[in-house]
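Chemist: The structure's right below; bear with me while I get my questions together.
The values are calculated or read from the model by the stated rules, or taken from the named source; none is laboratory data. Predicted model, so just to flag it, every value in this text is computed and none were measured. Methodologically, a virtual Cβ is constructed for each residue, glycine included, from the backbone with ideal geometry; neighbour enumeration extends over all protein chains shown.
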Amino acid sequence: MTKITQMHGCGNTFTVVDGIKYPLGRKEAMAENIAMMYKSDGILIVLHPETNTSSENDSVEMMYFDVDRSTKKIIKRPMCGNGIRCVARYAFDNNYISKDARILTGDGWKSIHIDNGMIHVNMGTPREFKKIKSQNANLEGYFVNTSLPNIVYFVDHLDKEEVRKNGLYTIYDRILMGELGNQGSEVNFTKLEKPGVISIMTCEYGVFDVTKACGTGTVASAFVSNNVKGYEYPIEVRNPGGILFVDQHNKDLFLIGPADYC
């Protein structure tokens, strides 16, 4: 028996599988079956942490799979900014963790704090920041790893079809991806609204389509807006599915937003 729960983070939808209450067998095979049965952007499996050290207190592990909207094929990925908030809410509601806890991801441990329905995730310090240019999309942008590889383009307007077209152009730009180490990157189109406020649309790599929100893309867009455009933290990031916030403490960036049940 497996417990399945549908959740979303600002419209970014997930099928959550409880691997703590109900022990799981072949997790990837299960994720493939679930992808065919349930409509969502990704699959989250909540587990007891498996580490080489003694058992972690007040913690869970998150295993994450993107779901290609067209083929329903799954891609295992190390992190998901909206997904980790859903895991935090689910684990808290099921008494697996307290409001201050840690979640083990493929990108390492992430600290979380839950306060009045808002989940704060320490996404760590961004890395690999550099300017790039896509030959296919003919746009200048920036690359940064914010727990997942992300590309940020600044644009004057946001149109879903243009975002999808240019996002896929970038994803399938072999020269650019080769230069970036063939890392599958989220592609974020960022519009500056006013000081401290930006709007974004994201074409996600594993989903291969425009999603209503992207957590790592939100952090990447805020980081690049701060470094290139001088926007000060905290930054309000307007995704099509809702508003998220990015703040900075020391050199770490924090993703702040809700997680809800569908």
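Chemist: Do we have any residue at all in the stretch 34-56 that's in a helix (DSSP H, G or I), of a type outside the set (Val, Ile, Thr) and over 19 Å from the mean Cα position of the chain (by Cα)? Can you show your working first?
Modeler: Narrowing the stretch 34-56 to residues in a helix (DSSP H, G or I): 34-37.
Pick out the ones that are also of a type outside the set (Val, Ile, Thr) and you get 35-37.
Narrowing the set further to residues that are over 19 Å from the mean Cα position of the chain (by Cα) leaves 36-37.
Scanning the stretch 34-56, I find at least one residue that is in a helix (DSSP H, G or I), of a type outside the set (Val, Ile, Thr) and over 19 Å from the mean Cα position of the chain (by Cα), so the answer is yes.
Chemist: Just to confirm my filter: which strands (runs of 3 or more DSSP E) fall fully inside the stretch 92-145 and include at least 2 residues that are among the β-branched types (Val, Ile, Thr)? Break it down stepwise before answering.
Modeler: On the way: elements: 100-105, 108-115, 118-124, 127-134, 139-145.
Because the criterion is at least 2 residues that are among the β-branched types (Val, Ile, Thr), the strands (runs of 3 or more DSSP E) in the stretch 92-145 that meet it are 100-105, 108-115, 118-124.
Chemist: Still on this structure, please answer the following. I'd like the residue in the stretch 190-242 that is β-branched (Val, Ile, Thr) and not in a strand (DSSP E or B) and, out of all such residues, is nearest to Ser40 (Cα to Cα). Outline the logic, then answer.
Modeler: Taking the stretch 190-242 as the starting set, the residues that turn out to be β-branched (Val, Ile, Thr) are 190, 197-198, 200, 202, 207, 210-211, 216, 218-219, 224, 228, 235, 237.
Subsequent filtering for residues that are not in a strand (DSSP E or B) retains 207, 216, 218-219, 224, 228.
Values: Val207: 10, Thr216: 18, Thr218: 20, Val219: 22, Val224: 29, Val228: 34 Å.
Across the stretch 190-242, the extreme among qualifying residues is Val207.
Chemist: Might you check whether a residue that is basic (Lys, Arg) and under 20 Å from the mean Cα position of the chain (by Cα) occurs anywhere in the stretch 8-25? Don't jump to the end; show me each part of the working.
Modeler: Kept after step one, since they are basic (Lys, Arg), are these residues of the stretch 8-25: 21.
Checking which are under 20 Å from the mean Cα position of the chain (by Cα) leaves us with none.
Scanning the stretch 8-25, I find no residue that is basic (Lys, Arg) and under 20 Å from the mean Cα position of the chain (by Cα), so the answer is no.
Chemist: Which members of the stretch 152-182 meet the condition of being charged (D, E, K, R), in a helix (DSSP H, G or I) and modelled with pLDDT of 95 or more? Full working, then the answer.
Modeler: Start the filter on the stretch 152-182 by keeping residues that are charged (D, E, K, R), which leaves 156, 159-162, 164-165, 173-174, 179.
Narrowing the set further to residues that are in a helix (DSSP H, G or I) leaves 160-162, 164-165, 174, 179.
Passing the criteria: Lys160, Glu161, Glu162, Arg164, Lys165.
Here is a yes/no grid of residues against (1) closer than 30 Å to Ile45 by Cα; (2) within 18 Å of the chain's Cα centre (by Cα):
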residue: His120; (1), (2): yes, yes
residue: Leu139; (1), (2): no, no
residue: Thr146; (1), (2): yes, yes
residue: His157; (1), (2): no, no
residue: Gly167; (1), (2): yes, yes
residue: Leu176; (1), (2): no, no
residue: Gly181; (1), (2): yes, no
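Chemist: Tell me, which residue of the stretch 3-28 that is touching a Leu at 6+ places or on another chain (Cβ under 7 Å) and part of a loop (DSSP other than H, G, I, E, B) is farthest from Tyr64 (Cα to Cα)?
Modeler: Ranking the qualifying residues of the stretch 3-28, first place goes to Cys10.
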